[in-house]
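Every number in this text was worked out from the coordinates using simple rules, so none of it is lab data. Bear in mind that the values here come from a model prediction, so they are computed numbers and not experimental data. Note: ideal-geometry Cβ built from the backbone for every residue, glycine included; neighbour counts use all protein chains shown.
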Amino acid sequence: MASLIRKTLLHVETTHIEGGKDAAVPLKLIAAIAVLKNPWAGRGFIEDLKPEIHTVAPVLGELLTRMIIETAGSGEAVEAYGKSAIVGLDGEIEHASALIHTLRFGNHYRTAVGAKSYLAFCNTRGPANAPIMIPLMDKNDEGRRSHYLTIQCAVPDAPAADEIVVALGASIGGRPHHRIGDRYQDLKELGHDVANPAAV
């Protein structure tokens, strides 16, 4: 598996001023990124992706989770989280999806940060330097809009046509000066049952 990973990168962004106003608590965004050879590249259409998923996804999940936790300082420090993958131009979107939409990948991260909500995600196809977009949400509260965030970065030389870029994202803090409330207030105002939003 190690021979598939060409490089790893760590992106850390700290916002001190937003809207011309100092942030009471700076927002820190972290992305842990791996660039790897697409294990299905050059093999034509493959019906069963599971063997490679079972081999590759757990290693990526463990590696990227460790990078996030080491940078954040602890799993408890992570407030919002998400995941993303970009497959190179010779691959299928299904190849990007295969490595991140499996519990063998995501459960490493969920367990490490003690999360309850699902991992927000993005899976796309693109050339080298394609934008890595990692949508985030609060790890325990899907309706907490202050933590609806997106990390955007790029790897200048990846993905190559036969590669996949896989990333995990985290935030320490929410948007500075957030002031649009949460979705529960909207539900109340629209006459919906907060405990059962589908009911009118």
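For a footprinting-style exposure proxy, rank LEU168, LEU190, LEU89 by other Cβ within 10 Å, fewest first.
Details: LEU168 29, LEU190 9, LEU89 14.
Taking fewest neighbouring Cβ atoms as first place, the list is LEU190, LEU89, LEU168.
For the range 24-29, 3J(HN,Hα) computed residue by residue from phi via the Karplus equation (6.51, -1.76, 1.60; θ = phi - 60°) reads 4, 10, x, 8, 10, 10 Hz, glycine and proline entered as x.
Near the amide H of CYS122, within less than 5 Å, lie the amide hydrogens of LYS83, SER84, ALA85, all on another chain or at least 5 residues away, with H placed in the peptide plane. I need the calculated FRET efficiency for the pair ASP157 and LEU89, taking r as the beta carbon distance and R₀ as 22 Å, to the nearest 0.05. Computed FRET efficiency for ASP157 and LEU89: 0.95. The 3J(HN,Hα) values that the Karplus relation (6.51, -1.76, 1.60; θ = phi - 60°) gives for the range 111-122 are, in residue order, 5, 5, 9, x, 8, 10, 7, 6, 7, 4, 8, 8 Hz. Gly and Pro appear as x. Between GLU18 and GLU47, how high is the FRET efficiency from 1/(1 + (r/R0)^6) when r is the Cβ-Cβ distance and R₀ = 35 Å? Nearest 0.05. Result of the calculation: an efficiency of 0.15.
When mean projected area of the Cα convex hull in nm² is computed from the coordinates, the matching label among (i) 14.2; (ii) 19.8; (iii) 12.8 is (iii).
Across the range 141-170, the residues whose backbone nitrogen lies under 18 Å from the label position 7 Å along the beta-carbon direction of SER3 are 162-164. When ILE46, ILE17, ILE164 are sorted by how many other C-beta atoms sit within 10 angstrom of their C-beta, beginning with the fewest, the order is ILE17, ILE46, ILE164.
Sorting 130-140, 147-157 by their mean Cβ neighbour count within 10 Å, with the most densely packed peptide first, gives 130-140, 147-157. Note that the range 180-186 has calculated 3J(HN,Hα) couplings of 10, x, 10, 5, 5, 5, 4 Hz, one per residue in order, obtained from phi through the Karplus relation 6.51 cos²θ - 1.76 cosθ + 1.60 (θ = phi - 60°); glycine and proline are x.
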